[in-house]
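Have a look at the structure below before the remarks.
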Amino acid sequence: MEGDRRTPSRQAQGLSDCPAASANACPAPWAVELRRVSFAYGASAEPALCEVTLKIEPGTMLGVVGASGAGKSTLVKTLNRLVPAFEAGRFEGEVRVGGRRLDGLRVCELAREVGMVFQDFEAQLFSTNVAHEVAFALEQFALARQEIARRIGPALSAVGLAGFERRDPTTLSGGEKQRLAIACALATEPAVLVLDEPTTDLDPQGRAEVFAAVRRLRGAGRTLIIVEHDLEELAVCDRLALLKEGRLTFEAPPAELFARPELVARCGLRLPDLAAVLKQLGIEEIARDVDEAEALVRGRYTLPGPAPAGGSPEGPAPGRAGQTKIGRPPLVEVRQLGLAYPASASEALSAVDLAVEAGEFVALVGKNGSGKSTLAKVLAGLLEPSRGRLLVDGKERSAAGRSHLKGDIGYVFQNPDHQIFAASVEEEIRFGPRNLGLSHRQTAERADQVLAAVGLDAVRQRDPFLLSKGERQRLAVAAVLALRPRLLILDEPTTGLDYREQRRMMALVAELNRQGIAIVMITHTPWLVADYARRVVLLDNGRKRFDGPVREFLGRPQMLAESAFGLPAATALSQRFGTTALSAGELVCWIRKHS
Amino acid sequence: MPIYLYIEGESWLHRLHPVVKVWALFAAFWSVYWVDQPLALVPLGLLMTVAAQAGGAWANFYRLRYLFAGVVFFTALSWMVFYRQGTPLIDTPLVRVSRASLLFGFGRGLKLAELLGTSVLFLSSTKIEEFGAGLTRLGVPYRVGFAITLAFRLVPLFIDSALTVVQAQRLRGYEFRRGGPLARMRRYVPVVVPVFMEALRKANAMAMALEARGFGAGGRPTSLIDRELRRSDRMAVALLGGLAVAYFLIYYAGYGAIRPD
Amino acid sequence: MKELGSMWQDSRMVVLCAISAALYAAVLVPFKVVPFIPGITELRPANAIPVVCSFLFGPAAAWGAAIGNLIGDFFGGVGPGDIFGFAGNLVYGYVPYKLWEIVASGRPPLPRSAADFLRYALVCLAASLLCADLIGWGDNMLALRPFGVLGNIIVVNNMLAALVLSPLLLLAVYPRVERGRLLYRDILGVAQRRPGGLMQAVGVVLLLCGELGAWLVGNLVSTGRLNLGLLPASLMRPPYDAAVALGVAPFLLAAVGGLALL
């Protein structure tokens, strides 16, 4: 194991097997203790966990990090016996919670000691009413009705959901659902709360909500364990445990891990922006937020102050509708587009003008419910607008016939599993071209081409359901690419992927764009916009609020705040110095130049 | 996608104990069973109208108006094939229309419509959890009641996911409406398979989440909803009992049947 | 039939039951639930789901079919007939895997050869007939809908879905579920049944004769083509509610008794 585990705060660990080493007697056991725990799923020879030994002090917060498949979820599932009582396999070692050995206990018996929140928020909510949802576990333990009713309010308040008692969980946003799941776990008053990738499927707003709730839970004497592959949010943890291929590779306070970017990269993680900037500037200290980072940078470099308030004036959004390259109409264009859903009183889209030209890379951003997906579906021809015009190659859509549904405009849905059904990867790709009436030879040719393009050639005969999430996402792109679209619309293409897979996915999208395919990408992820898009369209309440270059977009903090679009940390830091950098590297160059 | 009929509210209909509501369903079924004569079905219809007004359920009746009309019409039609009594007005080998068959068919159609109306009232004012708690109170094992409520919750999720799959496959050039009825049925495969597989992916996660939340921790689970019957509940039970007896008396007195001649 | 009770002890089976039910209720709705004959039945390709789930999830699918149908009825209005709808769909989800264990023990229910397809079709027909018998009988007895209409529509609807759609779904789904170890045999640890046994043979004969007899008697009596001499003449008059109820009941008893012996 790498790294020094005996940090100043924990030197006692080497002297005693007890968290409070100064006392003669052992006043309290470790909150959680794993001794040489190994586990392999089913008959697999590859262990998912390998000889993990870990001790967690009561009342502390531990972040468990690592790439997909590193063993993070398996590790935390040993804490309530889901592994090995529920997931069959070979288990070795010993797990203790609150000093008690778990051998032979049932999962449900541990629910009052170890609360667990899972990644898939849809799969852990069982009721049609928030109060009933919180009551569910309490009912299982046969608590009296009055006691159940007493616990609901505080549990919901703890996660900021007071007043939601009568809401139907299906009407909540992803962040609210996940907070509800946390409230459900809290209601049983567990000593240990485990959050297993609670924000992987959430947008930045939902992530922020969940992490705000988690921060509120600290300090109540409860031990928190949070599994994540994004280090940015874990700076607040007491310690981080880094897993790689089932082994505990490093365990220390966050600052010590952030100080080792090569280890972070080797484990397939993304170093937080601020840590990257400081490291590249040769600053050894670690900043938890932009304020601290600014102070550290200014301590070393003399830099200008922020641009005066309103320095990035918020004038009218640059209008781009109807702009064309000489002699060529836009690939797809909407004018004064309006759309109202039958059951809704207000319009989902209102007077939207937008033109996308060949070869563009547009990021379509906005809050949940701002109309992004609706607009994208109108562009793809899936939704009929109530008002306005839709032009493809300058022709009214009616004149263009159904060609937009037959290959010209491709649409990759957020969840790749919403389109995959065939028995093999190759069959899946040939499905679309076959629907267009292409011959066997032609579909085979197209399959060959796109399989090579997305890097799935080696698995062409495999069952798509056996692929990893990242591979399935690339397969979904490939299946649409086989239709040879000139415009590819991607709805949140990186949701649920770890950093390495996100990079791989985006490298593919960027390459397709270089080959001339126009890209419209719906995303909530700030660094994706900064790193890949060249133009941003911001929707707000069904209206277009901004349409222009990325740097100009990121230079309007007020507008971004109102649209709940978090700046990349490097960009936020750069604005403290009166500039707008799109990445950590760019900021470092700028600082060196202007200091 | 709003597919359930429940309307949030605090009316007396909403506040009735779930067991009383199940009893109301039974009383209505019992009552219509004994009579075929359309006139005899009118009092129950009026009672339902009052309940719909009090329970704020009109929106659902309006929403389902075509279903109500269809139920009456087609049930009447189908009984004209089988009920071949009375002096024929129109006589064909398939359908025989007489005053008696018209009355009989209309009565049975009305009967089904009233049953439908009862269930609309029930669903407009009863949450799925209340239904589950009511079933448990009536002796249905807890786990069966839970599976029913869970299934109810999953239906809209799966429908949404099926709608997305339909869109995704359409964009890949797939046409669902090609070919005859059998060919069309086969064309469901690219939709059903993704929905099915997504459901299976969820199955494991759900079972894990259930166990992690104490499902099966032992003992008979309590319920946040379940409570003792109130005075209003008991009064409703008595009223419904009276209704059931009254309808049996209508039958017994011979006013409920259709006389062919 | 023991597993119909014991499966509830396993959380996975409870979830699979709910999932089977929800899939059954949900698959049809997006493709327009067009009432084939409002108040009587709809054209339901979704009827393929209970058969597919039956082979995959066994008893969980049987309960799932019953609950799924109940949920479907909630959209079209619940009524006393739903008790029979519940029972009919329970057997529609129960018979396929149960009979398949007997006629093709150990083989996956994938109709890849003509012989397997024939076995598969017979198993589905047995399930569809008993489902139709129970619902047709119950609804006619409750004076709601004639056996001669409902009993036949259900058989046709179920068989169309089971023969046209279910095999394709099974081919796509079964191997994947098997790999994910979510087959009921893997979850419940049920051993493969050994074929043969007198009780089993008696069970199969009773089931098949009972359900076929029920279907024939139900059809003939409800349309006035068969006069059951044993019953008083006052019952042998349209709408034949009591005559169908009494005439079909013994056959149904035999069929359900046979099922219990399997």
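Is it the case, given these coordinates, that A:R106 is among the basic types (K, R), within 8 Å of chain B (Cβ to nearest Cβ) and either surrounded by fewer than 19 Cβ atoms within 10 Å (Cβ to Cβ) or on the phi > 0 side of the Ramachandran plot (or both)? Yes. Remark: pairs (first residue in region B:159-173, facing another protein chain (nearest Cβ under 7 Å); second residue open to solvent by 10 Å² or more (accessible area, probe 1.4 Å) and among the basic types (K, R); Cβ separation under 8 Å; 6+ apart in sequence or on different chains) = B:Q167/A:K377; B:G173/A:K406.
Picking from C:A132, C:A115, which residue would you name as being part of a helix (DSSP H, G or I), within 8 Å of the chain's Cα centre (by Cα), among the aliphatic types (A, V, I, L, M) and at pLDDT below 95? After applying the criteria, what remains is C:A132. Taking the listed residues B:A257, B:A217, the one that is farther than 30 Å from A:L195 by Cα and either within 29 Å of the chain's Cα centre (by Cα) or crowded, with 16+ Cβ neighbours inside 10 Å (or both) is B:A257, with no other qualifying.
Among the residues of region C:168-183, those that are more than 7 Å from every other protein chain (Cβ to nearest Cβ) and open to solvent by less than 10 Å² (accessible area, probe 1.4 Å) comprise C:L170, C:Y174, C:L183. Residues being over 19 Å from C:D241 (Cβ atoms), of a type in the set (A, V, I, L, M) and modelled with pLDDT under 85 are represented in region B:45-65 by at least one member.
Residue count for region B:178-210 under the criterion of being farther than 23 Å from C:E178 by Cβ and at the interface with chain A (Cβ under 7 Å from one of its Cβ atoms): the result is 1. Would you confirm, using the coordinates I've provided, whether B:L182 is surrounded by fewer than 18 Cβ atoms within 10 Å (Cβ to Cβ) and not β-branched (V, I, T)? Spelling it out, B:L182 is indeed surrounded by fewer than 18 Cβ atoms within 10 Å (Cβ to Cβ) and not β-branched (V, I, T). Condition test on B:M206, is it surrounded by fewer than 24 Cβ atoms within 10 Å (Cβ to Cβ) and within 31 Å of the chain's Cα centre (by Cα)? Criteria not met by B:M206. Restricting attention to region B:1-23, the residues being within 12 Å of another protein chain (Cβ to nearest Cβ) and within 19 Å of C:P80 (Cβ to Cβ) number 2.
Matching residues to (1) of a type in the set (D, E, K, R); (2) under 11 Å from the mean Cα position of the chain (by Cα); (3) surrounded by fewer than 20 Cβ atoms within 10 Å (Cβ to Cβ):
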site: A:A183; (1), (2), (3): no, no, no
site: A:A191; (1), (2), (3): no, no, yes
site: A:L195; (1), (2), (3): no, no, no
site: A:V210; (1), (2), (3): no, no, no
site: A:R218; (1), (2), (3): yes, no, yes
site: A:L224; (1), (2), (3): no, no, no
site: A:E228; (1), (2), (3): yes, yes, no
site: A:V236; (1), (2), (3): no, no, yes
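Once region C:22-48 is narrowed to residues that are farther than 17 Å from B:D160 by Cβ and facing chain B (nearest Cβ under 9 Å), the residue that is modelled with the highest pLDDT is C:A48. I'd like to check something: does region A:85-96 contain any residue that is in contact (Cβ under 8 Å) with a residue 40 or more places away in the chain, open to solvent by less than 10 Å² (accessible area, probe 1.4 Å) and β-branched (V, I, T)? Yes: one or more hits.
Within region B:25-47, no residue that is outside the structural domain of B:E114 (by TED's automatic domain parsing) sits with its Cβ atom under 6 Å from a residue that is assigned to a loop (DSSP other than H, G, I, E, B) at 6+ positions apart or across chains. Scanning region C:205-237 for residues that are of a type in the set (D, E, K, R) and open to solvent by 40 Å² or more (accessible area, probe 1.4 Å) yields C:R225, C:R237.
Regarding A:A569, is this residue over 27 Å from A:G455 (Cβ atoms) and touching a Leu at 6+ places or on another chain (Cβ under 9 Å)? Yes, satisfied. Return yes when C:D139 is of a type in the set (D, E, K, R) and within 14 Å of chain B (Cβ to nearest Cβ) and no when it is not. Considered against the rule, which asks whether it is of a type in the set (D, E, K, R) and within 14 Å of chain B (Cβ to nearest Cβ), C:D139 comes out as yes.
For A:Y532, the criteria (1) on the phi > 0 side of the Ramachandran plot; (2) surrounded by fewer than 21 Cβ atoms within 10 Å (Cβ to Cβ) hold in every case but one, which is (1). On the given criteria, is B:I225 farther than 30 Å from C:G180 by Cα and either more than 7 Å from chain A (Cβ to nearest Cβ) or open to solvent by 10 Å² or more (accessible area, probe 1.4 Å) (or both)? Yes, satisfied. Looking only at region A:545-567, decide whether some residue is open to solvent by 10 Å² or more (accessible area, probe 1.4 Å), part of a loop (DSSP other than H, G, I, E, B) and closer than 18 Å to A:R270 by Cα. So far as region A:545-567 goes, yes, one or more of its residues are open to solvent by 10 Å² or more (accessible area, probe 1.4 Å), part of a loop (DSSP other than H, G, I, E, B) and closer than 18 Å to A:R270 by Cα.
Let's see how each residue does on (1) among the polar types (S, T, N, Q); (2) under 23 Å from C:L253 (Cβ atoms); (3) open to solvent by 10 Å² or more (accessible area, probe 1.4 Å):
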| position | (1), (2), (3) |
| --- | --- |
| C:V91 | no, yes, yes |
| C:V103 | no, no, yes |
| C:S113 | yes, no, yes |
| C:D116 | no, no, yes |
| C:V123 | no, yes, no |
| C:W137 | no, yes, yes |
| C:L142 | no, yes, yes |
| C:F147 | no, yes, no |
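Looking across B:A52, B:A59, one residue alone is open to solvent by less than 10 Å² (accessible area, probe 1.4 Å), more than 11 Å from every other protein chain (Cβ to nearest Cβ) and closer than 30 Å to B:S223 by Cβ. It is B:A52. Inspection of region B:131-144 identifies at least one residue that is within 10 Å of chain C (Cβ to nearest Cβ), open to solvent by less than 30 Å² (accessible area, probe 1.4 Å), part of a helix (DSSP H, G or I) and modelled with pLDDT of 90 or more. Within region A:120-169, the residues that satisfy the criterion of being on the phi < 0 side of the Ramachandran plot, surrounded by fewer than 18 Cβ atoms within 10 Å (Cβ to Cβ), more than 8 Å from chain B (Cβ to nearest Cβ) and of a type in the set (G, A, S) are A:G153, A:S157, A:A162.
Counting the residues of region B:91-116 that are open to solvent by 50 Å² or more (accessible area, probe 1.4 Å) and modelled with pLDDT under 80 gives 5.
Residues in region A:138-180 that are over 28 Å from B:G219 (Cβ atoms) and in a helix (DSSP H, G or I): A:S157, A:T170, A:T171, A:G174, A:G175, A:E176, A:K177, A:Q178, A:R179. Residues in region A:221-235 include at least one that is of a type in the set (G, A, S) and touching a helix residue (DSSP H, G or I) at 6+ places or on another chain (Cβ under 7 Å).
The values are calculated or read from the model by the stated rules, or taken from the named source; none is laboratory data. This one's a predicted model, so the numbers in the text were calculated from it and none came from an experiment. Heads up, the Cβs are rebuilt from the backbone with ideal geometry, glycines too, and the neighbour counts pull from every protein chain shown. Heads up: the accessible areas ignore ligands, DNA and RNA and are worked out on the full protein's heavy atoms, side chains in. Shrake-Rupley method; radii C 1.70, N 1.55, O 1.52, S 1.80 Å.
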